[in-house]
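> Let me give you the structure first, and then I'll get to my questions.
The values are calculated or read from the model by the stated rules, or taken from the named source; none is laboratory data. Since the structure is predicted, the reported quantities are computational estimates derived from the model, not experimental observations. Neighbour counts are summed over all protein chains in view; Cβ atoms, including those assigned to glycine, are modelled from backbone coordinates with ideal geometry.
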Amino acid sequence: MTGPFSNRAADPDDLLPEGLEDMLPHRSAAVSRATRSVLAAMDGRGYDRVRPPMLEFERSLAGRMDGVATRRMFRFVDPASLRTLALRSDITPQIGRIAATGLADAPRPLRLCYGGEVATIRADQLDPARQRLQLGAELIGSDTVEAASEIVTLAIEALAAAGANGVSVDFTLPDLVDRLAEKAMPLEPGAKDAVRRELDAKDAGGLAEIPGGEAYLPLLYAAGDFDAAIERLSALDAGGALASRIGGLRAIAARLGDRTRLTLDPSERHGFEYQSWFGFTVYAEGARGALGRGGTYRLSGSGETATGFSLYMEPMLEALGEGPVGRDLLFLPLGHDREAAARLRSEGWRTLSALDESDEAAVLGCTHRLTAEGPRPI
């Protein structure tokens, strides 16, 4: 791998697998700043941080929540237990396990947050990365309108704290087809998956070819700016099958007020494998794709309801831009005043000590030099 510090061509043995990359100092510093800001916003709202392990038994990761696909996980046999281990592809199921085990007796609703690396065998079509930094918050023990409003508000505040501008939120109803197919728009056995697929693809022709699918065609046009889209969705809901969900969306939107742009795409399911009645996607100016997703879901085993969201650092960095090039760096010459250097570090200075007379402050990237009078610009 080549970079700003080397003109050497990359040796084939040094190449990284597809979808993986080194994070060099400038980008790594930007990630650290954004991570601290996001986690601080969550902490300020009363969310306690937990740190689950990178590896777990495959059965635990796959069984905690519906829709978790183990085929996306790296799996291997644990030589100690001879059971199959999996490298996490999503931290959310781990938070569910913690809530159901170590924190089973903690008061509800339980507010937890996290930050850590995840990895997948194959990259998403829209995202070539196979390793990502996932940050998120989960409110366990409630999936009410109040809980959903708090979670969406926290996602917006966390992104704003990191420096993102122009944040927008797109609402969806992940169980829309299941709900309508119960009575209002019945479907033949096996047709629900086909209807979901064509709605995801926004394919009106394909939808019309499915027996019973033509009834779902108007849903393709009940999308866009929230106020207009929710009115179109309400007009389609003659039987009232979606009345409680529409009322919930209206209430969440009212609580958010005009702090961000809101849109609605009720049939969107990409990235909502385990969410139930409510889901949302967050975007920001400067990022090509979604910064994260969230919504309501149910934990398998314990049966608890929960509401949460996950943010991903790579698209977040796109939204944040390059940021500061670097912080001031103080060069400490040989024989410098060590007590003065320690005091300056306690005040927030970064220091770099000379190891040899030939060390040059400017060459090493220093912006200041320590003198008898204190730091002086170079």
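For (1) in the same structural domain as THR153 (by TED's automatic domain parsing); (2) surrounded by 13 or more Cβ atoms within 10 Å (Cβ to Cβ); (3) closer than 28 Å to SER37 by Cα; (4) out of contact with any strand residue (DSSP E or B) (no Cβ under 6 Å at 6 or more places or on another chain), each residue gets a yes or a no:
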| position | (1), (2), (3), (4) |
| --- | --- |
| GLY303 | yes, no, no, yes |
| PHE309 | yes, yes, yes, no |
| GLY335 | no, no, no, yes |
| ALA342 | no, no, yes, yes |
| SER346 | no, no, yes, yes |
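> Take region 211-240 and flag every residue that is more than 20 Å from ASP170 (Cβ to Cβ) and crowded, with 20+ Cβ neighbours inside 10 Å.
Once the filter is applied, which keeps residues that are more than 20 Å from ASP170 (Cβ to Cβ) and crowded, with 20+ Cβ neighbours inside 10 Å, region 211-240 yields only GLY213.
> Residues of region 1-19 being surrounded by fewer than 12 Cβ atoms within 10 Å (Cβ to Cβ) and at pLDDT 75 or above, which ones?
Of everything in region 1-19, those that are surrounded by fewer than 12 Cβ atoms within 10 Å (Cβ to Cβ) and at pLDDT 75 or above turn out to be ASP11, PRO12, ASP13, ASP14, LEU15, LEU16, PRO17, GLU18.
Conditions tested, residue by residue: (1) outside the structural domain of ALA201 (by TED's automatic domain parsing); (2) assigned to a helix (DSSP H, G or I); (3) at pLDDT 95 or above; (4) among the basic types (Lys, Arg).
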{"site": "ILE252", "(1), (2), (3), (4)": "no, yes, yes, no"}
{"site": "ASP258", "(1), (2), (3), (4)": "no, no, no, no"}
{"site": "THR263", "(1), (2), (3), (4)": "no, no, yes, no"}
{"site": "TYR274", "(1), (2), (3), (4)": "yes, no, no, no"}
{"site": "THR281", "(1), (2), (3), (4)": "yes, no, yes, no"}
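> Condition first: part of a loop (DSSP other than H, G, I, E, B) and either surrounded by 13 or more Cβ atoms within 10 Å (Cβ to Cβ) or hydroxyl-bearing (Ser, Thr, Tyr) (or both). Now tell me which residues in region 79-107 satisfy that.
Selection gives SER81, ARG88, SER89, ASP90, ILE91, THR101, LEU103, ALA106.
> Still on this structure: Just the residues that are of a type in the set (Lys, Arg) and closer than 19 Å to ILE91 by Cβ, please, taken from region 20-55.
ARG36, ARG45, ARG49, ARG51
> Tell me, which residue of region 144-190 that is among the hydroxyl-bearing types (Ser, Thr, Tyr) and surrounded by fewer than 22 Cβ atoms within 10 Å (Cβ to Cβ) is modelled with the lowest pLDDT?
If we take residues in region 144-190 being among the hydroxyl-bearing types (Ser, Thr, Tyr) and surrounded by fewer than 22 Cβ atoms within 10 Å (Cβ to Cβ), then THR144 is modelled with the lowest pLDDT.
Each row is one residue, and each column tells you yes or no for (1) among the acidic types (Asp, Glu); (2) out of contact with any Pro (no Cβ under 9 Å at 6 or more places or on another chain); (3) at positive phi.
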site: GLY224; (1), (2), (3): no, yes, yes
site: ASP227; (1), (2), (3): yes, yes, no
site: ARG232; (1), (2), (3): no, no, no
site: LEU236; (1), (2), (3): no, no, no
site: GLY247; (1), (2), (3): no, yes, no
site: ASP258; (1), (2), (3): yes, yes, no
site: TRP277; (1), (2), (3): no, no, no
site: PHE280; (1), (2), (3): no, yes, no
site: ARG288; (1), (2), (3): no, no, no
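> Among the numbered criteria (1) among the acidic types (Asp, Glu); (2) farther than 29 Å from LEU220 by Cα; (3) part of a helix (DSSP H, G or I); (4) out of contact with any helix residue (DSSP H, G or I) (no Cβ under 8 Å at 6 or more places or on another chain), which single criterion is violated by GLU117?
Of everything listed in (1) among the acidic types (Asp, Glu); (2) farther than 29 Å from LEU220 by Cα; (3) part of a helix (DSSP H, G or I); (4) out of contact with any helix residue (DSSP H, G or I) (no Cβ under 8 Å at 6 or more places or on another chain), GLU117 misses just condition (3).
> Looking at the structure I just gave you, is PHE331 in a strand (DSSP E or B), farther than 30 Å from GLU146 by Cα and modelled with pLDDT of 95 or more?
Judged against the criteria, PHE331 is a match.
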